[in-house]
Amino acid sequence: MGRLYLLLLFALVFTCGPANASGDENAEAEVALRRGPHWLHKLISRSPVLQQHHVGMSLVDVATGERVYQLNEEDYFVPASTMKLFSFYAGLHLLPDSLPSLRYVVRHDSLIFWGTGDPTLLHGDVPSGRAFRFLQSRPEKLFYMPIPCVDTFGPGWSWDDYNYYYQPERGPFPIYGNTVRFYARAGQSQPRVLPAVFTASVEPAPAQYHSTSDHVRRAVLENRFFVLPSQKSWIDETPFRTSTGLLSSLLQDTLRKNVGQLPWQPGFVGADMQTINGLRADSLYRRMLRVSDNFLAEQLLLMCSTQLGADSLSTERVIRQVQRQLLTDLPDTLRWVDGSGLSRLNLTTPRTLTALLLKLHREVPEKRLFDLLAAGGRQGTLRRRYRDPRGLWLWGKTGTLTNIHNLTGYLRTRKGRVLAFSFLNNNIPGDDTAVRNEMERILTQVRERL
């Protein structure tokens, strides 16, 4: 009897075990089918590289609006620099084709001017000489009047990144991109400094800095720059602390003219106010999006603010207006606090980013839109990835902070379909190189199989 019981028990286990496993697989396949292609879901859900952090994806056909694949598409992520796409969208709707460089009024023998947030005056990468030539050529006495503006750092920014090129101070009238550039040659005791006025503020680094990997360290609260010893040639860029007095001094140094200061007086903003336009807006958008320039993105929103009112430069006012009037059709509420995505207070979902991509594709000619973005294997932050000698197939915007790597943009499949995608990775433990490689492998499969 006992032997018969054991045989029956064995038969029961043998028959039920595979049935349960098959049921689990069927359930998984059913869920995957609702999300999209089963093979794509397997690539992501079974990837050992993507197991220990939060992953979200939204993939939509641009031509039809069909949701091709969705994973955690409604979950909120820290978007990092993919937020620059929202700043770009604001600029498209609020700014003219040429950037507003400065505003001014003439009173008797004086020209009183103030900033619009335009970052291009003597900028090292996107320079515009229009405002410079205008001020240099005017016969009147020059007076700079600082318009009320946002704090130099955005909400949620890391304070100890003040020393690095990617976090210059925001302001109403930037000059030289609010950074100092250093050009060092091996064997030379001191680098060449631009603007040269800062040369006297450069000195050898004290001993406590010698263990760092930086070339230059700036004092936290003052414009003193400490250069670390190096046996190699290098180029570096370090933000300087901004002030009205320093701006006047730098303008006088470059214009070779006296520049006085006046306190802000809203009464000067009247019918006789004039605006000088400068660089083409696409030149700024292209640089901002391709290399993910934080400073240009922040100043872009300040320039947008000039179109909404002449009394102050307010990032918050622009964000509020754009969300209320231009982004009401997004699938999820957007948490938007700065122009660059430096802040971890920003929050959005994969499907919201993809919805923005669809809006951009509808409103901007595809050739122009793709030209403004980083391109796989060609330029910007994607120049070393997504390569194909036969031609471009992926254009996008990266977003990277410590423990975060995101990519959102457009890809063209082998069959000619254009897909908008958002592929977000938050809470990555350690180095993100493996995650980038895995994203490239998965998106390449999307290109080949869809």
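The values are calculated or read from the model by the stated rules, or taken from the named source; none is laboratory data. Remember, it's a predicted structure, so these values are computed and weren't measured experimentally. All Cβ positions, even for glycine, are placed from backbone atoms using ideal geometry, and neighbour counts span all protein chains on display. Just the protein is used for accessible areas: all its heavy atoms, side chains included, with ligands, DNA and RNA removed. Shrake-Rupley method; radii C 1.70, N 1.55, O 1.52, S 1.80 Å.
The set of residues from the stretch 85-118 being part of a loop (DSSP other than H, G, I, E, B) and either among the basic types (Lys, Arg) or open to solvent by 40 Å² or more (accessible area, probe 1.4 Å) (or both) comprises PRO96, ASP97, HIS108, ASP109. Of the residues making up the stretch 357-414, not one is among the hydroxyl-bearing types (Ser, Thr, Tyr), crowded, with 19+ Cβ neighbours inside 10 Å and farther than 17 Å from ARG290 by Cα.
Kindly establish whether GLU237 is touching a Gly at 6+ places or on another chain (Cβ under 8 Å), open to solvent by less than 70 Å² (accessible area, probe 1.4 Å), of a type outside the set (Val, Ile, Thr) and not in a helix (DSSP H, G or I). Yes. Filtering the stretch 285-305 to residues that are open to solvent by less than 60 Å² (accessible area, probe 1.4 Å) and not aliphatic (A, V, I, L, M) leaves TYR285, ARG290, SER292, ASP293, ASN294, PHE295, GLU298, GLN299, CYS304, SER305.
Rundown of residues vs (1) open to solvent by 30 Å² or more (accessible area, probe 1.4 Å); (2) part of a helix (DSSP H, G or I); (3) touching a residue at least 40 places away in the same chain (Cβ under 8 Å), yes/no style:
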{"residue": "THR242", "(1), (2), (3)": "yes, no, yes"}
{"residue": "SER248", "(1), (2), (3)": "no, yes, yes"}
{"residue": "PRO263", "(1), (2), (3)": "yes, no, yes"}
{"residue": "ASP272", "(1), (2), (3)": "yes, no, yes"}
{"residue": "ASN277", "(1), (2), (3)": "yes, no, yes"}
{"residue": "SER283", "(1), (2), (3)": "yes, yes, yes"}
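Residues of the stretch 74-84 being outside any loop (DSSP other than H, G, I, E, B) and either surrounded by fewer than 24 Cβ atoms within 10 Å (Cβ to Cβ) or among the small types (Gly, Ala, Ser) (or both), which ones? Answer for the stretch 74-84, where residues must be outside any loop (DSSP other than H, G, I, E, B) and either surrounded by fewer than 24 Cβ atoms within 10 Å (Cβ to Cβ) or among the small types (Gly, Ala, Ser) (or both): ALA80, SER81.
Taking the criterion of being without any contact (Cβ under 8 Å) to a residue 40 or more places away in the chain and not in a helix (DSSP H, G or I), the residues of the stretch 376-389 that qualify are GLY376, GLY377, ARG378, ARG383, ARG384, ARG387, ASP388, PRO389. Listed conditions (1) at pLDDT below 95; (2) open to solvent by less than 30 Å² (accessible area, probe 1.4 Å) are all met by GLY171, apart from (1). Checked against the criterion of being open to solvent by less than 80 Å² (accessible area, probe 1.4 Å), within 16 Å of LEU122 (Cα to Cα), modelled with pLDDT of 95 or more and outside any loop (DSSP other than H, G, I, E, B), the stretch 198-209 has at least one qualifying residue.
Scanning the stretch 309-367 for residues being in a loop (DSSP other than H, G, I, E, B) and at pLDDT 95 or above gives a total of 24. Being within 30 Å of THR306 (Cα to Cα), touching a residue at least 12 places away in the same chain (Cβ under 8 Å), under 26 Å from the mean Cα position of the chain (by Cα) and not in a helix (DSSP H, G or I) is a property that ARG217 lacks.
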